[in-house]
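Enquirer: Got a structure for you, questions after.
Nothing in this text is a laboratory measurement; each read-out follows from the coordinates by a stated rule. This is a predicted model, so every value here is computed, not measured. Please note: Cβ atoms are built from the backbone with ideal geometry, for glycine as well, and neighbour counts cover all protein chains shown.
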Amino acid sequence: MQLIDSIVSEAAAFRQIRRDLHAHPELCFEETRTSDRIAEQLQRWGVEVHRGLGRTGVVGVIEGRRGGARSIGLRADIDALPVTEKNTFDHASRHPGRMHACGHDGHTAMLLAAARHLSRTRDFAGRVVCIFQPAEEGGGGAREMLRDGLFERFPVDAVFAMHNWPGIPAGRFALSSGPVMASSNEFRVVVRGKGAHAAMPHLGLDPIPAACQMVLALQSVVSRNKNPLEAGVVSVTMVHGGEATNVIPDSVELQGTVRTFSESLLDLIEANMQRIATHTAQAFGMSCSFEFRRNYPPTVNHAAQTEFARRVLVDLVGADAVQAFEPSMGAEDFSYMLQRCPGAYVIIGNGGGEHRDAGHGAGPCTLHNASYDFNDDILPLGASFWVHLVQRWLEQP
């Protein structure tokens, strides 16, 4: 394993940075303290700092001392989740209702450690653009940074991101070309009937049976409308209707999520969901409204950049420690950057939770869980990968 000595020797300092960020989590577009801390560290190391992209984003630019026109972008997400932490160790969140439950504190610390080494040595030809992106957890911070001219102001030949993954052992990586994360989309259907006394249903139009039929019928989109070889999920996750046991409500509201790996399948699912909702309501003599909101597009790794990252990883940890990544139906707004620039999304193993300090919660160390904590032992590994990737990418003719 080719860890970089200077990064290993400074691991304790970056562990402290990571734990400080964990103790002070900030939600999407509220990452003011986090951005201040990132900018402060980068400026201390002589990195050119730019702020305000995507509101609270930070960009650090590091020029190599050997000139060169090539460039590479490295992205870390910096926001936390609206989760109340169950851990009680010393670096647990000090803010109820906010928690780094997805490891963005660790992603930030790994990129900072790499930036520290790269700024100190500058032993490369070209430019490194370190992108500290806000609001990955539902805010579309990547999209907002792009709208603010990220790649126009800081053009790169390729862009890469890295995310920790509980369940994959520490010391291992995973990646695959093609779709790796699904699109994230939301729908809302309101079935409108006519309220009445529950003992006299013939005097009203009961929207509850219509809504129940609709929930069942929407599953036929996945089971009967899409190609069975394509992955797609339709989940109704909220049903709201009624306020009293003896009252038929005027309306029932359904909400849920749709996940796909392709835009064409998403088009098919949306069209069929709207058709089913409209006609089911009509069959019961009612009307409905249908809203469909497309959030994050699928995250699709580019083949050449994925293969390049794979070769770097194999040299870093060995072929046996680099595995294929099984695509996830989770979503990731790094997808917006990959739509604009070739690149790849890399997975680093976070282990099974054994690394957690005494005082961790009773739950598993999984993403978006109140008992999660990032594995500080992998900080030098992730940072070393970033440095090796930069050096190898910029060495290309």
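Enquirer: Give the distance, in whole Å, between the Cα centre of segment 240-289 and the Cα centre of segment 21-65.
Expert: Taking the Cα centre of each part, segment 240-289 and segment 21-65 sit 42 Å apart.
Enquirer: Here is a further query. Separation between the Ala13 and Val314 pseudo-spin-labels, each 7 Å from Cα along Cα→Cβ, expressed in nm?
Expert: Between Ala13 and Val314, the simple spin-label model gives 3.5 nm.
Enquirer: Here's a follow-up. Could you tell me which helices of the chain pass both thresholds, a Cα extent of 27 Å or more along their own axis and a mean Kyte-Doolittle hydropathy of at least 1.0, with helices taken as whole DSSP H runs? Please list the in-between numbers first.
Expert: Details: long enough: 263-283 (30 Å, -0.07).
Helices meeting the criterion: none.
Enquirer: Sorted by mean Cβ packing within 10 Å, highest first, what order do the peptides 46-53, 242-249, 204-211 take?
Expert: Details: 46-53: 16.2, 242-249: 12.6, 204-211: 20.8.
Put in order of decreasing packing, that is 204-211, 46-53, 242-249.
Enquirer: With θ set to phi - 60°, apply the Karplus curve 6.51 cos²θ - 1.76 cosθ + 1.60 along segment 148-159 and write out the HN-Hα couplings as whole Hz, x wherever there is a Gly or Pro.
Expert: For segment 148-159, the Karplus curve yields 8, x, 3, 7, 6, 7, 10, x, 10, 7, 7, 9 Hz.
Enquirer: To continue, here is another question. For Cα pairs less than 8 Å apart in space and 6+ apart in sequence, what is the mean separation divided by the residue count of the chain, i.e. the relative contact order in percent?
Expert: Computed value for the chain: 25 percent relative contact order.
Enquirer: Suppose R0 equals 22 Å. What FRET efficiency, 1/(1 + (r/R0)^6) with r the Cβ-Cβ distance, do Ala324 and Ala304 give to the nearest 0.05? Mind dumping the intermediate values first?
Expert: On the way: r = 17 Å, r/R0 = 0.77.
Given R0 = 22 Å and the Cβ-Cβ separation, E is 0.80.
Enquirer: Non-local amide H neighbours of Leu53 (under 5 Å, H modeled in plane, Pro and chain starts lacking H): which ones?
Expert: Here nothing satisfies the definition.
Enquirer: Using only C-alpha positions, report the orientation-averaged shadow area of the convex hull of segment 184-296, nm², one decimal. Display every interim value, and only then the final one.
Expert: Working: hull surface 27.1 nm².
The number I arrive at for segment 184-296 is 6.8 nm².
Enquirer: Would you mind classifying segment 263-386 by shape? Square roots of the alpha carbon gyration tensor eigenvalues, ordered a ≥ b ≥ c; an a/c under 1.5 is rounded, otherwise it is prolate if a/b is larger than b/c and oblate if not. If you can, show how the numbers build up before the last one.
Expert: Values: a/c = 3.61, a/b = 1.70, b/c = 2.12.
Since a/c reaches 1.5 but b/c is at least a/b, the shape of segment 263-386 is classed as oblate.
Enquirer: Could you please report the charge total around Glu395, scoring K, R as +1 and D, E as -1 over all other residues with beta-carbon less than 15 angstrom from its beta-carbon? If you can, show how the numbers build up before the last one.
Expert: Values: positive: Arg65, Arg66, Arg70, Arg122, Arg127, Arg311, Arg392; negative: Asp123, Asp157, Asp315.
Every neighbour counted, the sum reads +4.
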